[in-house]
1. Applying 1/(1 + (r/R0)^6) with R0 = 30 Å to the Cβ-Cβ distance of Ser158 and Lys98, what FRET efficiency is obtained, to the nearest 0.05?
2. Rounded to the nearest 20 Debye, what is the dipole magnitude of the stretch 1-146 about its Cα centre when Lys and Arg each give +1 and Asp and Glu each give -1 at the C-beta?
3. So how much slack lies between Asp129 and Phe84, counting 0.36 nm per residue of separation and subtracting their Cα-Cα distance, in nm?
4. Take the alpha-carbon centre of the stretch 115-157, take the same for the stretch 14-54, and report the distance between them in whole Å.
5. If Lys and Arg each add +1 and Asp and Glu each add -1, what is the summed charge of the other residues whose beta carbon sits under 12 Å from the beta carbon of Tyr35?
Amino acid sequence: MPRLRIDNHTVEVEPGSTILEAARSVAVEIPTMCYLEDQLPRGSCMICAVKVRGASALLPACAARAEDGLAEMRQQVAQAVQDFSAALAGRSQAIARKARSLIPEGAVVVTHSHSGTVEETLLFVGRQDPALQVICSESRPMNEGKVLAARLASAGISVTLVADAALGTVCHEADHGEHAQSECDCSCLAHPLPIWPVPI
Ligand code: FES
């Protein structure tokens, strides 16, 4: 079993475990953003970047495998990442407040995929507008839309989950679109809705 040191902890993990899983097993906190539990890691936001002895660049803890003698994080890197994460969270809140003015009372918003900023915005709007309705597409194959739908629903927001293929149809019921994959060209982008592409 891989055995590594993380800060002042020595940890043994199952082969194939990630550095993030190893860190969490000894209660070392590493912030994450694009990582979703039970989903394949994307390794795209790098908010979970860690310093690994012997590696020439920072590695995404959510995607990098824990290997024998390889992982030793430096506390100051973790602190820098946490500071960066806190700054990003502040920006997300500012975006949510700004986006509030774009979504009228009782709006029906359609979303594709998942974005932390979109989630925060809709939670923010939903707290102020109980009539808000959100239509989430499943966003296969990763099903990020299901995650967004579950989180919004658990916050008491009225959510409808639809198959991706239904997006073109449900856009007729929506007032606004939030599109979390700006590189995607699904059919909703062809619909004359106000669409806000949001990088994840
Ligand atoms: S959480 Fe985004 S790369 Fe790890």
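Each value in this text was obtained by applying a stated rule to the coordinates, not by laboratory testing. Fair warning: this is a prediction, and the values are worked out from it, not measured in the lab. Positions of Cβ are generated from backbone atoms using ideal geometry, with glycine treated the same way; all protein chains shown enter the neighbour counts.
1. After rounding to 0.05, the efficiency reads 0.85.
2. 420
3. Length difference between fully extended and current span is 13.1 nm.
4. 24
5. -2
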